1. With N denoting the number of residues in region 315-465, provide Rg(C-alpha) divided by 2.2 N^0.38 Å, to two decimal places.
2. Counting only the heavy atoms of the protein chains, how much of residue 260 is accessible to a 1.4 Å probe, in Å² to the nearest 10?
3. For region 257-267, in order, what is each residue's ³J(HN,Hα) by Karplus, 6.51 cos²θ - 1.76 cosθ + 1.60 with θ = phi - 60°, in whole Hz (x at glycine and Pro)?
4. How do 380, 231 stack up against each other in accessible area, from largest to smallest, with a 1.4 angstrom probe?
5. Would you mind checking region 459-480 for residues with the amide N under 11 Å from a putative spin-label position 7 Å along Cα→C-beta of residue 128?
6. What nm value, rounded to one decimal, do you get for the distance between residue 478 and residue 373 when each label is placed 7 Å out toward the C-beta?
7. Between helix 154-167 and the chain, what is the angle of the helix's C-alpha long axis to the longest principal axis, kept within 0 to 90° and rounded to the nearest 10?
8. If you roll a 1.4 angstrom probe over the protein chains with everything in place, what fraction of the accessible area of region 218-295 belongs to carbon and sulfur, to the nearest %?
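The values are calculated or read from the model by the stated rules, or taken from the named source; none is laboratory data. What you see is a predicted model; the values in this text were computed from it and never measured. Don't worry about glycine lacking a Cβ; one is built from the backbone with ideal geometry, like all the others, and counts go over all protein chains shown. Heavy atoms of the whole protein, side chains included, go into the accessibility calculation; ligands, DNA and RNA do not. Shrake-Rupley method; radii C 1.70, N 1.55, O 1.52, S 1.80 Å.
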Amino acid sequence: MPETYQLFIDGKWRPASSGETMPANNPYNQDVHAHVAVASASDVEDAVAAARRAFAEVWSKTTPGERAKLLNKVADLIDASSGRLAMLETTDNGKVIRETSTQMGYAARIFRYYAGWADKMHGDIVPLDQKDTLDLVIRVPFGVVACVTAWNSPVAILTNTLPAALAAGNCVILKPSEHASTTTIEVVKLCEQAGFPAGVVQVVTGAGDVGAALTTSTGIDKISFTGSAAVGRKIASVAGGNLKPVTMELGGKSPNIIFDDADFDRALVGALAGIFGATGQTCIAGSRLLVQRGIYDRMVEGLAARAGQIVMGDPRLPETEMGTAANEPQFDKILSFIEAAKHDGARLVAGGGRAEGPGLDKGFFIQPTIFADVRNDMKVAAEEIFGPVLSIIPFSDEEEAVQIANDTPYGLASGVWSENINRCLRMMRAIQSGVVWVNTYRVAAPQAPFGGVKDSGFGRVRGEAGILEFMQTRNIFIDFSGDKRDPFAMKF
């Protein structure tokens, strides 16, 4: 019997005010495994009002140590529930169990990381020209934060923002994607179990209109959004009209650059992992593979052979290496990009369509697909696909590699493969991206800041930068002279 997930508002689980729900489908077999409440605009406003009360009456009065204790409790609960959470996320969005299992461990780790930061956000004493004035600089929370997250890695994306915002002292309202909501709701249940006060952590579910109701509310003090650049622009526009700060982690079209002096076997594996890990449904996917001409043909041949060996099947089984597209609209979108690449004259060397075979007939499976001899102006290379489709582009020298790499509106991640350290240092400075991996790809850590430039967004998650995104600076002047001076005279 499919479970029904409700909204969590002001410390209570409740159905949507309209009674409406939406199905949660397993992209592997199309089974409906859950029903999720669809919030109304009034439900969203109830959540905002509850968050404002909770911040004013309870949460703003907690000590950093109290917040840290609660965050550590959530981490322990995630660890205890990691197997169940991983299986649920795999069921919800088709990502292989080996990756969702790792991500649950990562989620617990980042909760603990930000628990450690809660009591370490020190201020400053600023030396002034005025002899009898003390100047204090402190950091304070915004108040109520809206976090709108994506469907490709719901818990990992959630934990990029939620623990940092809470450690900073904010109340948080979560709005997960309508395509994968269940594990976000489960994490909120763990926050409730840990003992967070009513209204501090809440979740409202539904489609884009629910996200719009949340991000346009004047009761929201800060917005964090993970998703497409198109939706990010809309949210940023509305936020600007309301003078609300935003953090945006948007899409990417990341260049993964292999020079002819690279360790060939390591680079080949890195190229495969960069695009076919997570079925290519990740903003950091190395979807543009730039290969120097001296090893170009060998690399194309090697990648095509390895792509054909990738094991596809039930993502809940540990032997499966690549799962499904997360939902039907994304499945159709990926296939349309493949057809566009064929029409534009890219040379297909692997895959090229829907995957078929035993156990694949009901799922949104797409063959690991590789196009060679791609031009950077082709649609397959210019636009984000969010799927297992690799474009291989040849280049001659370092200068051309930089030109191709930066010829994109995006700037989230990039990779450089070379045994020449001087070249690597030059490239990491020249490439326009928020993250540069050198002789590796898809590495992440709670301590390391992450975010993009250009159309890939602004602001950072993770690391010290991640908690600073959820705090604002307050300056305090204290006059201890006791003098009675002209009240209309500025003290310079």
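1. Numbers: Rg = 17.4 Å, N = 151, 2.2 N^0.38 = 14.8 Å.
Output field value: 1.18.
2. 80 Å²
3. 10, 10, 8, 6, 9, 6, 5, 4, 5, 5, 5
4. Numbers: 380 0, 231 65 Å².
These residues rank, largest area first, as 231, 380.
5. Residues 476-480 qualify, since their backbone N sits under 11 Å from the label point.
6. Taking the two extended label points, one gets 7.4 nm.
7. With rounding to tens, the tilt is 20 degrees.
8. Numbers: 1350 of 2390 Å².
It is 56 percent, rounded to a whole number.
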